[in-house]
Each structure stands twice: as C-alpha cells, then as structure tokens.
Amino acid sequence: MLAELAQQIAEMTGYPIWLISVVFKVLIISLVFFPLISVIAVIAIWGERKVAGHIQGRLGPKHVGPFGLLQSPADGIKLLFKEDTVPGDADGMLFRLAPYIAFAPVFAAFLVIPFGPQFVFEATLNIGVLYLLAILGLEVMAVIMSGWGSNSKWAIYGAMREACQMVSYEIPLGVAILCGVLVAGTLNLSELSYLQGGGLHTWLMFHNPFIFIAFFIYFIASLASSKRAPFDLPESESELVAGFHTEYSGLRWSMFFFAEYAGMFIIGCILAVLYMGGWNSPLGPWDPVYMALGYDPVASGQAYLTGQLTGITNWGDLSGEMGLKGGAIGLFALNSYCTVWVIAKASFVILLHMWIRWTLPRIRIDQVMHGCVKGLLPVSLAMFVGTAVWLALIGPTAEARGVYSSISANVPNLTGEVMGVQLVAQIVLMLVGLALFGFYCAVVVWSFIVRKRAPRKGIFEDVMPVGKDVAFTRGPGYVPDDVRNAVT
C-alpha cells in the first residue's frame, strides 16, 4: 500500500521513489513508533505502581487524573524541567551518550515486531530473531558507559554487575530461543506468526515438552536481561543507591526507565511471537471475529509460506487473495484485531514481571551467577538437545517433508497433519498451560475480591510484632531514658 502510494507521489512530483519511501518511513517512525513507545512506558510505569500498591496493601497513584492515570505524565513534566547535572569528575561524552545508547536498541527492535500480517515495518527480514538478539544485546554497553562515565563507585559496581549478569543470562536466553527456531525452521518473525494460526494447540510452546520448559527458561532469563527482580542487582537501592544511573537526573534519568519498560514490552512481544501464537487468536479459525471477517489463518498461512501473497502490495488485492470481506477496510480491521492480541499477550508477560518483582526478594550476585551457570545454562542445553531429538524421532512424516521441503518444517503442525504422539503431546501440554493460566487468573480474581481486607502485619507476628507493638526484646542491661538522664 505504501509502495503504491510512494509510486503515485513520485510520478506526480517527479521526485525519486526512494526519496519518497524514505520520507514515508521517517514519518511512520516519528508519528507511530515514538508515540507508541511513550504510551507503553507511561502505562507500564502507572501499572507498576498500581500493582506494587495492591500487592503491598495500599492504593498506589489515584489523585492525578482518573485512577491516577495522569501521574506518569505529571512525573514526566517534572523530570523535563529538572536540572540536568553532570558530575565534575565524570567523563562527559560517555555520561551524556549512555542514555541514548540505552534507548536506541529498544526503539530499533520495534521495527521487526509483527503486530499483524501487514502491521510490521520490515516483514521481509529473514533473520529477524537474530536481529532482535543482536540489537537488544547492545543495552549492556549503555549500562557500562553510564557506570564508568559517572566516575562513582556505586555506578561502576552496578555497571559491572549488569555486565556479568546480562552476558551470562544471554546464553540460556539465546539457547531457549533456538529451541523455538529449531521447531519452526525459520528466523522470520512474520513466518513464525503465520505458523501458529491453527489454534491454541499449534502454538510453539505446546509443540513438545522440551520447548515447553524452554519457554520458562526464556522467561526467567528475560528477567535477568531486563534487570527485573529478583535479578535487579545493577539497580539495588539497598546497596548501591541506584546503581549504574545513580548520578543521573532529569530527562537523562527518565530515558533509562523508558528503555527498561519498552524493553519489557519487547520481551513480551518476543514471547508472544515465538511461543504464544504471535498475532493469532487462541481460538484459531473458530474465532468469531475471524469468521465475521472471512479470515482463515490456516489457509492464509499456507498461502504466505508458499509465496502466493508475496509481491502483492495493493491491500484490496491482498484482501481478496486472503479471502477477506470488505477489501482494504477488512484487511485493516483484521490487522487491528491482531494487534490487540499481540499487545494483550505482551501485557500479560509484563504483569508477570511486575508481580514477581513485588513478591520475591532480591538475591545476591553470587546466587544470580550460580543460578545461571549451574542452573539455567545446562537445562537450556538439555532442552535444545531434547527438542532436536524430538524432531528427529517424532517430527513431520516423510510425505510432509517432501511436500513442504522448500518452506518451514512446521507447516504440517499448522495444517493439522500431525498424529500419534505429537498430537497427544500438543493437547496435553495445552491443557497444562491452560491450567497454569487458570490458576493465575484465579489468584488475580481472589486478590480483587479480598482487596479491602487488611493484610497480615507480618509473617511471624508472635516473634516479630510490627506497628505500634514492640518489635524486639530489651536486654537486661537496658536503662530507660528518664532514669539515665536523672542519674547524669
């Protein structure tokens, strides 16, 4: 659609088509991605404070705007007008450059995230998964630059912790992603979404037991890579004041947090695309909205993977090829509905991140490294080997391999051409996943029902009373203040 519009404008104005295309892309980035990241960060910050408040038995922000929704914009305005200070002994260039280096990779990652069949900035990038891993790995450079450039012991401690932590956890994280890539047979993020359109049981996380465990390995490693509790050692305020960004203030300080919350959303999108069906509804072809639009995700996935949809830029023609009703309007409605699913799945992951942060205590840095080297890393490698063995023994049949040899190996899974152990494994794992999700929802509902009840004052109320009660026992040598003052 944009290509045709650029062609028409180039013919009318006489400007080269490449220049018109560049202008369109810059406008999309400026008018879509920048506001999108800002809105995500604002809502995530508000959500974090509300989640923390309710978990800790308080209300969270509520006075600025309805339900406190304007608290984050108010804080942003405050930070915008705060003084931007640079320590006198700091390395000025590194100090000033670090916040932009932290924000840029997260912003660039949005360019390959498929929010819908056509709602993706770069759909033809065949190494999309590798691109995301490479671009998100640059954040550690910003953390080290900020810590070293600040010339502060608290900042450099936090930066070194982040370097050790992120470099270590990137390995099991990458291996867990490779499990999904091994099953799908593609690195293209759009193809990954098309492959999971047959319904909940065709989601990659339910393909076999090994990739099901790899999903949780990626989730745990993502907590460490995004500096979320219990792996928030680079920012541990109880030890390092604020860690690597201790010396930052005002707008530069806020850019680190914008990058962190936008990075959480990117991690949620990666989980959604790689494991949780991408933009597809869990109901698959039986989704009522799909049926109303005339959309068949299985047929569309087959058409895309066999090349029938490539090269069609007109949305009206593309809609007809996909069997949609309403032409270009129907295709826009489909992509908007798919975007809702991607955002919902990513938001679910973000809520889990927040829940864990305000539930689990922070662990020591040696425990962080021990958990990675002796825990996640060997388990992730075992899951990778197990996934490979599973595909070798219980993969697509020889007939299916012959039919789909030129495209993804998981097309039989999309079309339902799986039987025996593979089908049983998908159904059993789907039921396990639904049970875990049901338990999660039940806890949320129960917490909402009992939200007005006073929480317990402490875990060991008989030993460690809190509040107005005495929280300790005075020793035999204690002398009250009035007696001591009278003697002196």
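The values are calculated or read from the model by the stated rules, or taken from the named source; none is laboratory data. Quick caveat, the model's predicted, so the values are computed rather than measured. Positions of Cβ are backbone-derived with ideal geometry, glycine not excepted, and every protein chain shown enters the neighbour counts.
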(message) List the residue pairs whose Cβ atoms are under 7 Å apart, where the first residue sits in the stretch 335-350 and is in contact (Cβ under 8 Å) with a residue 60 or more places away in the chain and at negative phi, the second is among the aliphatic types (A, V, I, L, M) and crowded, with 20+ Cβ neighbours inside 10 Å, and the two are 6 or more positions apart or on different chains.
(response) V342/A272; K345/A272; K345/M276; A346/A272; V349/I267; V349/L271; I350/A44; I350/M264
(message) Residue pairs, Cβ under 8 Å, 6 or more apart or interchain, first in the stretch 284-304 and within 12 Å of L334 (Cα to Cα) and free of Cβ contacts under 8 Å to residues at least 40 places away in the same chain, second assigned to a helix (DSSP H, G or I) and of a type in the set (F, W, Y). List them.
(response) D296/Y290
(request) Being without any contact (Cβ under 8 Å) to a residue 60 or more places away in the chain and surrounded by 13 or more Cβ atoms within 10 Å (Cβ to Cβ) is the filter; apply it to the stretch 369-381 and report the residue that is nearest to V183 (Cα to Cα). (result) G375
(message) With the requirement that a residue be surrounded by fewer than 16 Cβ atoms within 10 Å (Cβ to Cβ) and part of a helix (DSSP H, G or I), what does the stretch 353-368 give you?
(response) D366, Q367
(message) Return the residues of the stretch 246-301 that are farther than 14 Å from G199 by Cα, over 21 Å from the mean Cα position of the chain (by Cα) and of a type outside the set (V, I, T); say none if nothing qualifies.
(response) E247, Y248, S249, G250, L251, R252, W253, A292, L293, G294
(message) Would you confirm, using the coordinates I've provided, whether W390 is within 21 Å of the chain's Cα centre (by Cα) and part of a helix (DSSP H, G or I)?
(response) no
(message) Just to be sure I understand the filter: pairs with C-beta atoms under 8 Å, separated by 6 or more residues or on different chains, first member in the stretch 52-64 and touching a residue at least 60 places away in the same chain (Cβ under 8 Å), second member among the charged types (D, E, K, R). Which pairs pass?
(response) A52/R357; H54/R451
(request) Test F219 against the stated conditions and say whether it is at pLDDT below 90 and assigned to a helix (DSSP H, G or I). (result) no
(request) Kindly list, by first and then second residue, each pair from a residue in the stretch 157-175 that is closer than 17 Å to P378 by Cα to a residue that is part of a helix (DSSP H, G or I) and aromatic (F, W, Y), limited to pairs with Cβ atoms under 7 Å and residues at least 6 apart or on different chains. (result) L173/Y218; V175/F384
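Yes or no, residue by residue, for (1) under 30 Å from V428 (Cβ atoms); (2) charged (D, E, K, R):
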residue: E139; (1), (2): no, yes
residue: M145; (1), (2): no, no
residue: S152; (1), (2): no, no
residue: A163; (1), (2): no, no
residue: G199; (1), (2): yes, no
residue: F210; (1), (2): yes, no
residue: P234; (1), (2): no, no
(message) Condition first: surrounded by 10 or more Cβ atoms within 10 Å (Cβ to Cβ) and at pLDDT 85 or above. Can you find one or more residues in the stretch 446-458 that meet it?
(response) yes
(request) Of all residues in the stretch 267-302, count the ones that are crowded, with 24+ Cβ neighbours inside 10 Å and of a type outside the set (G, A, S). (result) 11
(request) Kindly indicate whether any position in the stretch 58-80 is surrounded by fewer than 17 Cβ atoms within 10 Å (Cβ to Cβ) and closer than 15 Å to I356 by Cα. (result) no
(request) Looking at (1) closer than 28 Å to R49 by Cβ; (2) buried (at least 17 other Cβ atoms within 10 Å of the Cβ); (3) in contact with a Phe, Trp or Tyr (Cβ under 9 Å, 6 or more places away or on another chain), find the lone condition where I101 falls short. (result) (3)
(message) Against the conditions (1) in contact with a Phe, Trp or Tyr (Cβ under 6 Å, 6 or more places away or on another chain); (2) more than 22 Å from G53 (Cα to Cα), where does G330 fall short? Just the number, please.
(response) (1)
(message) Considering only residues that are closer than 30 Å to R252 by Cβ, buried (at least 24 other Cβ atoms within 10 Å of the Cβ) and not aliphatic (A, V, I, L, M), which ones fall in the stretch 145-197?
(response) S146, G147, G149, S150, G158, R161, E162, Y169
